[in-house]
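Below is a structure I'd like to ask you about.
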Amino acid sequence: MPDPECEEKIPIANTMEELKPEPNMLTEEREARKDNSELNIERADIVEEKNPYAYLERDFSSENYKIEIKNLPKYYGISEFRKLLNEKLKLNSNKIKTTRKNSPFAFVCFRNEEDRDKAIQVLSNYKWKGNELQAMKAKPAPDPLVKKRKEDADGSNTNKKLKVEEGSQEERLKNSTIPYWNIDYKKQLELKLEDIKEVLRKMGNNLAHGNPELQKWIEKQRSLHNGLPCELQDIKFSEVIEGYRNKCEFTVGIDEDTGLPTVGFRLGSYVNGTTGVGPVDDLVHIPQSMKTAVKLFQDYVRNSQLRVFSPEFHTGHFRQLMVRSASDQLMLVVGLHPQDLNAEELDAFKKDLIDYFSTGGGKEAKVTSLYYQKIVKKNRSNDFIPSEHLWGETHLYETVLGLKFRISPEAFFQINTKGAEILYQAAIDLAEPLEGSTVLDVCCGTGTIGLCFAKKCSQVLGIEVVPQAIVDAKENAQSNDVQNADFFAGKAEDILGNICFKATGKEIIAIVDPPRAGLQKKAIFQIRKINKISKMVYVSCNPTAALQNFSDFGKPESKKVSGEPFIPVKAVAVDMFPFTKHCELILCFERWDKLSKQLEESKDS
């Protein structure tokens, strides 16, 4: 399903790799446009595949070289498992698939028969964490789209996960992108606040169970805060609840109702047997400027001689459109699979795209920045190809809390600008930095949070694993004349200690704003190890997923974990995503040794 909070990705079949490109459709006679009736005829002429294993015969698929590994240990992580296979055992696995977390078995795919057979030999009877592994060949998975089509045809589809949601296309799209679309906003806030309270209750239980020394503290806090392990402030939100998104990634596909090429959001995922795309006209969280740009680009696609990309056959060209907005600026990034277009034909397409949005029919969109992105493989970080600037400005510029930030096509920036101001101010209020404090901005991105703290402290030190983001962060500091901030590229777990030696403040306050998956354990334990960090503010866009991080910060000291635990003392929820179920949570943690003294003092009094 499309994720309304983060960037919408193109779901591609897990079981399919790159297939043969279709013949080139671009000619020099670009005036020979197709009208809607021709498009419908072209759509009807596509032969639907009926064999769920036919994809195995189309070029390469690692499903042909899949093994099953049984008797995996009770507790393990996928990244840990991947390191075992590829780094320690040098087995060159292509992908790993499990049915659930800590599953006792897993499927692993390879790129060729030799690698597969070597893996079976090495892993059979190999001992990992006390378990003797078993490895054997496994059957390839059927194409979920073709499988569902076949089951629908013969009436054998009893799998609820593969059944398409009932209701009109408009309702299905709203339910998948903005599930709270028909709920009063006040009620939405109540539902989200209750979800946050449930997360905090679970966190309290986990901390008390994982560290018995905390039990009395947790009990006291529960008695003070209506059963919660820390103070929870009133939920914060922006008055702008419609048209708030400043970035969306739209899929180019086929509208199931009309059969026409459409730019919008997926109605479901390929793995669940759905490839249809619905229009965005009735989605309230998307601003009108984006809707206008989407419609004009859709006109361009429908009149182009290039076809829409097919996730089933991996043919066609148009794949996605990313739109970013800031104030009166609009950036478009057109994602295309070039297939067998030669350099001359691709240049002709780019020129035509520029003409369309600068002086042609797309001028109404008022695009200020136009990019082209080559999208060939799946959405994996190692397959990423930077966008190519075609026309207009290279960046957008947005203002948050009086600071001006430069936004590149790939840069992370909060998707709700008004909400971001409230979020960052709430983080500052919760952290309560002193003038002599050093703020350590972990996962700093382009420096937005750290720079917003800069006026409230003596020094800001930012850490980010993406080098280009650090370049942007330094540019943002310079353009805003912020003299007390510096930014460093690298993994937090690797460079955190060295960076903290640069701290000039009497205390260090760590600000952690990680991706949805949260922080790596090594980074958490490194933060705990540095005693000079007395306070930590954790900004989570997925509080449920961050529960394990919260527990790791509160674990008792051991051979593997050094440094006093961090314990939550204050929390605030910020609704950045109206009409969705998502809500940000900011938690302020302090060291246990400080809090335990308070507990003892309260006993004496």
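Filter region 175-186 down to residues that are at pLDDT 95 or above and out of contact with any strand residue (DSSP E or B) (no Cβ under 9 Å at 6 or more places or on another chain), then give me how many there are.
The number of residues fulfilling the criteria is 8.
I would also like to ask the following. Just name the residue that is farthest from Trp128 (Cα to Cα) out of those in region 58-95 that are free of Cβ contacts under 8 Å to residues at least 40 places away in the same chain and in contact with a Leu (Cβ under 7 Å, 6 or more places away or on another chain).
Looking at the filtered set, the residue picked out is Ser93.
Follow-up question, since we're still on this one. Return a yes/no flag: does region 405-422 have any residue that is under 25 Å from Phe349 (Cβ atoms) and either buried (at least 21 other Cβ atoms within 10 Å of the Cβ) or among the small types (Gly, Ala, Ser) (or both).
yes
Just one of Asp481, Asp486 is surrounded by fewer than 21 Cβ atoms within 10 Å (Cβ to Cβ), modelled with pLDDT of 95 or more, not in a loop (DSSP other than H, G, I, E, B) and not hydroxyl-bearing (Ser, Thr, Tyr); which is it?
Asp486
Give the residue that is nearest to the chain's Cα centre (by Cα), with candidates limited to residues of region 489-499 that are of a type outside the set (A, V, I, L, M, F, W, C) and open to solvent by 30 Å² or more (accessible area, probe 1.4 Å).
That would be Lys491.
Now a separate question. Can you tell me which residue within region 353-367, out of those that are β-branched (Val, Ile, Thr) and in a loop (DSSP other than H, G, I, E, B), is most open to solvent (accessible area, probe 1.4 Å)?
Thr359
Also, I was wondering about something else. Please state which one of Lys474, Lys506, Lys502 is in a helix (DSSP H, G or I), touching a residue at least 12 places away in the same chain (Cβ under 8 Å) and open to solvent by 70 Å² or more (accessible area, probe 1.4 Å).
Lys474
Pick out the one residue from Gly155, Gly167, Gly210 that is more than 27 Å from Phe265 (Cβ to Cβ), out of contact with any Ser or Thr (no Cβ under 6 Å at 6 or more places or on another chain) and at pLDDT below 95.
Checking each option against the conditions leaves just Gly155.
Filter region 513-529 down to the residues that are out of contact with any Pro (no Cβ under 9 Å at 6 or more places or on another chain), at pLDDT 90 or above and part of a helix (DSSP H, G or I) and list them by number.
Those that are out of contact with any Pro (no Cβ under 9 Å at 6 or more places or on another chain), at pLDDT 90 or above and part of a helix (DSSP H, G or I): Ile524, Phe525, Gln526, Ile527, Lys529.
Right, here's the next one. When the residues of region 87-110 are filtered to those that are under 18 Å from Pro140 (Cα atoms) and of a type in the set (Gly, Ala, Ser), which remaining residue is surrounded by the fewest Cβ atoms within 10 Å (Cβ to Cβ)?
Among those residues, the one meeting the criterion is Ala106.
Could you tell me which residue of region 111-143 is farthest from Lys50 (Cα to Cα), considering only residues that are open to solvent by 70 Å² or more (accessible area, probe 1.4 Å) and without any contact (Cβ under 8 Å) to a residue 24 or more places away in the chain?
Among those residues, the one meeting the criterion is Lys127.
A further question follows. If we scan region 187-207, do we find a residue that is at pLDDT below 90, assigned to a helix (DSSP H, G or I) and surrounded by 13 or more Cβ atoms within 10 Å (Cβ to Cβ)?
Looking through region 187-207, none of the residues is at pLDDT below 90, assigned to a helix (DSSP H, G or I) and surrounded by 13 or more Cβ atoms within 10 Å (Cβ to Cβ).
Follow-up question, since we're still on this one. Tally up the residues in region 530-583 that are more than 19 Å from the chain's Cα centre (by Cα), among the polar types (S, T, N, Q) and assigned to a loop (DSSP other than H, G, I, E, B), please.
So the answer is 3.
Something else now. Assuming Pro433 fulfils every condition listed in (1) at pLDDT below 95; (2) more than 23 Å from the chain's Cα centre (by Cα); (3) assigned to a helix (DSSP H, G or I) apart from one, which condition is it?
The one condition Pro433 does not meet is (3).
Still on this structure: Kindly indicate the residue of region 444-469 that is over 13 Å from Ala492 (Cβ atoms) and without any contact (Cβ under 8 Å) to a residue 24 or more places away in the chain and also surrounded by the fewest Cβ atoms within 10 Å (Cβ to Cβ) among those meeting that condition.
Here the residue is Pro467.
The values are calculated or read from the model by the stated rules, or taken from the named source; none is laboratory data. Keep in mind that what you see is a predicted model, and the values were worked out from it rather than measured. Because the Cβ atoms are built from the backbone with ideal geometry, glycine has one as well, and the counts that use them run over all protein chains shown. Only protein heavy atoms, including side chains, enter the accessible area calculation; ligands, DNA and RNA are left aside. Shrake-Rupley method; radii C 1.70, N 1.55, O 1.52, S 1.80 Å.
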